[in-house]
Amino acid sequence: MSTATTGTPTTMTSPARRTSPLAGSLASTRAELLRLRKWPAVWVTIGAWLALTVMFGFLFNYVSYKTGDTSFSNEGVTARSLLDDILPANVPHVLIQGMPMFGGALMLVLGALVAGNGYGWGTWKTVFTQGPARPAVVTGSFAALTVFVVTTVVATLALCFGLSLLVAGVESQAVVWPSFSDTAESLGAGFLVMEMWALLGFLLGTVARGPALSVGLGLVWALVVENLLRGVGQLLGPVEAFTKILPGTAGGSLVGSIVGTGGADPTPGVLDTLSGGTAVIVLAVHLVLAPLLAGWLVTRRDVA
Amino acid sequence: MATRPGPAIVKDMNPNQDNQVSHDDVVQTHELTKRYGDRLAADRVSLTVRRGEVYGFLGPNGAGKTTTLRMILGLVRPTSGSAVVLGQPAGRSEAIARVGALVEGPGFYPYLSGRDNLKVMARYRALPESAADQALERVDLAGRGDDRFKSYSLGMKQRLGVASALMGEPDLVVLDEPTNGLDPAGMVDMRKLIVDLARGGQTVLLSSHLLDEVQDICDRVGVINNGELLMESTVSELRGGASLAVRGQPVDRALAVAMGLAGDDGVHMDGDRMLVDLGPEQAPDLVRELVAGGVAVHEVTTVERTLEEVFFEMTRTEKSNELEATR
């Protein structure tokens, strides 16, 4: 170990370091962005979502259109309708129809990984001894996670446009662009749904202080338990009232209010339980409460 | 609960009895206590680390060193008591920004390289990313800086932890068992590095269970066992002055002569040697008296107690105090 390769301090006191909450949050955001950007698990998760979008949003429909076969997701749909679904005009719907269940579940995994792995690796301990206060560190982590959620939604939109243009080109269809407002509405709704699940994943990862339990429980909740509760809710009034405040209900209803649920076989997770406005309010409550609770836990708890 | 150690083993403890923090005190804890259920991990620990010194926090595994360090760093909330670090309550951002720490093993992102791990921490500290390269060089890891952390050996991980703690030239460097996993050469280098830090004006708070390892580099030490700070003093005070070891025949006559000079309690037998509580400057007087008393002197040497011996002596005394208290 070298003891003279770098200069030793000439004064006994270091210069004042940036320790304001804002500066601490910015520093934490930059640090988290670096480590998330270089984390293969983040790109695998985002890549899995993009692959699902390609398969369920375009590939299966296109194969059905070309072969005339139907699958579970497009039974009873005409060939023309199959093609229309994957042309540029329908991109705002294709973008978000898988988000309430599959996209949300993958964002939950992402959030749980971002929060939970640091406990097993001991990295939160290291981070909490760097200078920024814990609320600033958590704020930075939320901000970085949000950057990746936005990246995911925007990348999904770009992918959808790219694939729909490809289909239009191959099938010699006129390119009809969706309206800007429809596209912006879907982008906003998609972000809200994905961000809510990511922050809920972060909360779960924080509560469980590890990725495995939080991912497992979170996925069972998002993919199974909420659906079961909604089923039971049709028979029991109090349960039905409870299901209306669940994140899956809110996300599914917001997307349902845009893409509709009147198809022969609506996309799993897309609901009409709540109106679009109510769904946004419920989503907003989750978006506020999940980070507040996670931040409170991180700030209060001892770090082993 | 264990009783407080008797006055025989408590010296220079909590020198700032009025709980005033001196400007020279980088760390001062006041009756810092952490209880986990029925177990007291730290029991009213009051220690003081002064500016520019290397402070050794010594004790066996499970003694409460890491818990105390965690409380000093604000990672763990004390059950009672308080700690002031660089003039701020422990854990306050203003203080932590001026502290570099390696506590309970290095915690880094396994998928990132050593260099990227340090870059992440440099960003948290609002330092330029070049600080990562300097820190890697300082612990001789520059050549492996681009390898993933998970591929590092235990010693390399430990060195990366130390490198992270040194980034930004913090006023206080807290190193918890920094030589864990290091080979003998690495241990020597680490000791040199710590001494160099202190020479440069940085304060080092160092914990270790390897007492001999720290006795040459620490200015002062605090000894902790079962959560209690048994003693806090300079290494030389702790070890006591040098004494004389004598082999002579006949033993009974040698004992009588030595007791005449050092007092009845000042002479102990250690095998066939007689340990006499006299300083090296009194060796000629002792030899003269022994020879005059008809003792054949075979060997006279000066001996110093190691910290390890002092520690075992202290913990023995503590146990006997506990036994007496329970009777």
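Among B:ARG220, B:ARG92, A:ARG35, A:ARG300, which comes first, second and so on when ranked by fewest other beta-carbon atoms within 10 Å?
Details: B:ARG220 20, B:ARG92 16, A:ARG35 25, A:ARG300 9.
So the residues, fewest neighbours to most, are A:ARG300, B:ARG92, B:ARG220, A:ARG35.
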Number of partner chain Cβ atoms within 10 Å, mean per residue of A:134-146
1
Separation of alpha-carbon centers, the stretch B:143-157 and the stretch A:286-304, rounded to whole Å:
32
What does chain A give for Rg and for Dmax, in Å, if only its C-alpha atoms count?
22.3, 79
If packing is taken as the average number of other Cβ atoms within 10 Å across a peptide's residues, how do A:247-260, A:168-181 rank, most packed first?
A:247-260, A:168-181
Using the alpha-carbon atoms, what tilt in degrees (0 to 90, nearest 10) does helix B:154-166 show relative to the longest principal axis of chain B?
80
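Determine Rg/Rh for the stretch A:164-304; Rg is computed over alpha-carbon atoms and Rh is the Kirkwood hydrodynamic estimate from the same atoms. Let's see the in-between values first.
On the way: Rg = 18.3 Å, Rh = 17.1 Å.
Using only Cα positions, Rg/Rh for the stretch A:164-304 is 1.07.
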Roughly speaking, what is the stretch gain from A:ALA51 to A:LEU293, that is 0.36 nm per residue apart minus the C-alpha to C-alpha distance, in nm to one decimal?
83.9 nm
If you consider only alpha-carbon coordinates, what radius of gyration and Dmax does the stretch B:234-323 have, in Å?
14.4, 45
Can you pull the one-decimal nm distance between simple spin-label points at B:ALA292 and A:VAL232, each 7 Å off the Cα toward Cβ?
9.8
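Only helices at least 27 Å long along their axis, Cα-based, and averaging 0.5 or more on Kyte-Doolittle count here, so list those DSSP H runs from chain A. All intermediate terms of the calculation are to be shown ahead of the outcome.
Details: long enough: A:134-170 (53 Å, 1.89); A:180-208 (41 Å, 1.19); A:276-300 (36 Å, 1.71).
Helices meeting the criterion: A:134-170, A:180-208, A:276-300.
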Flagged as over-length at 30 Å C-alpha distance, from B:LYS34/B:LYS150; A:LYS38/A:LYS66; B:LYS34/B:LYS119; B:LYS65/B:LYS157, the pairs are B:LYS34/B:LYS150; A:LYS38/A:LYS66; B:LYS34/B:LYS119
How many percent of all Cα-Cα pairs in the protein assembly as shown sit more than 39 Å apart?
48
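Taking 8 Å as the Cα distance limit and 6 or more residues as the minimum spacing, I'd like the relative contact order of chain A as a percentage.
On the way: 417 pairs, mean separation 74.5, N = 304.
Once normalised by length, the contact order is 25 percent.
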What does the charge count near A:SER164 come to, summing +1 for each Lys or Arg and -1 for each Asp or Glu among other residues with Cβ under 12 Å from its Cβ?
-3
Measure nothing fancy, just the Cα-based angle from helix B:283-292's long axis to the longest principal axis of chain B, in degrees from 0 to 90, nearest 10.
20
For the stretch A:221-284, shape from the Cα gyration tensor axes a ≥ b ≥ c, cut at a/c of 1.5 then a/b versus b/c, turns out oblate
Specify the inter-centroid distance of the stretch A:76-102 and the stretch A:172-231, based on alpha-carbon positions, in whole Å.
18
In degrees, nearest 10, range 0 to 90: what is the angle between the Cα axis of helix B:251-262 and the longest Cα principal axis of chain B?
70
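Checking the a/c ratio against 1.5 first, then a/b against b/c, what shape does the Cα gyration tensor give for the stretch A:113-247?
Working: a/c = 2.49, a/b = 1.31, b/c = 1.90.
Here the stretch A:113-247 falls in the oblate category.
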Consider a paramagnetic label point 7 Å from the Cα of A:LEU217 along Cα→Cβ; state which residues of the stretch A:115-149 have an amide N under 16 Å from it.
A:115-117, A:119-120
Cα centroids of the stretch B:238-278 and the stretch A:108-151: how far apart, whole angstrom?
63
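Please compute, for peptide B:87-93, the average count of beta-carbon atoms on other protein chains lying within 10 Å of each residue's beta-carbon. All intermediate terms of the calculation are to be shown ahead of the outcome.
Details: counts 0, 0, 0, 0, 4, 2, 15.
Other-chain Cβ atoms within 10 Å of each residue's Cβ, averaged: 3.
Given just the C-alpha atoms of the stretch B:111-188, how large is their convex hull per residue in cubic angstrom?
On the way: hull volume 6.9 nm³, N = 78.
Taking only Cα atoms, the stretch B:111-188 has a hull volume of 89 Å³ per residue.
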Which three lengths, in whole Å and largest first, does the stretch A:185-261 cover when its Cα atoms are put on their principal axes?
36, 34, 15
Checking the a/c ratio against 1.5 first, then a/b against b/c, what shape does the Cα gyration tensor give for chain B?
prolate
Within 10 Å of each Cβ in peptide A:22-32, how many partner chain Cβ atoms are there on average? Round it to a whole number, please.
3
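How large is the helix-only mean residue ellipticity at 222 nm for chain B, computed as the sum of -39500 (n - 2.57) over DSSP H runs with n ≥ 4, divided by its residue count, in deg cm²/dmol to the nearest 500?
After summing the helix terms and dividing by residue count, I get -10000 deg cm²/dmol.
Kindly provide the helix-only [θ] at 222 nm of chain A, computed as the sum of -39,500 (n - 2.57) over DSSP H runs of four or more divided by all residues, to the nearest 500 deg cm²/dmol? Don't skip to the answer; put the middle values down first.
Details: 14 runs with 205 residues, N = 304.
Calculated mean residue ellipticity at 222 nm is -22000 deg cm²/dmol.
Bear in mind these aren't lab numbers, they're just calculated from the coordinates by the rules spelled out. Just so you know, these numbers come straight off a predicted model, no measurement behind them. Glycine gets a Cβ as well: all are built from the backbone with ideal geometry, and neighbour counts include every protein chain shown.
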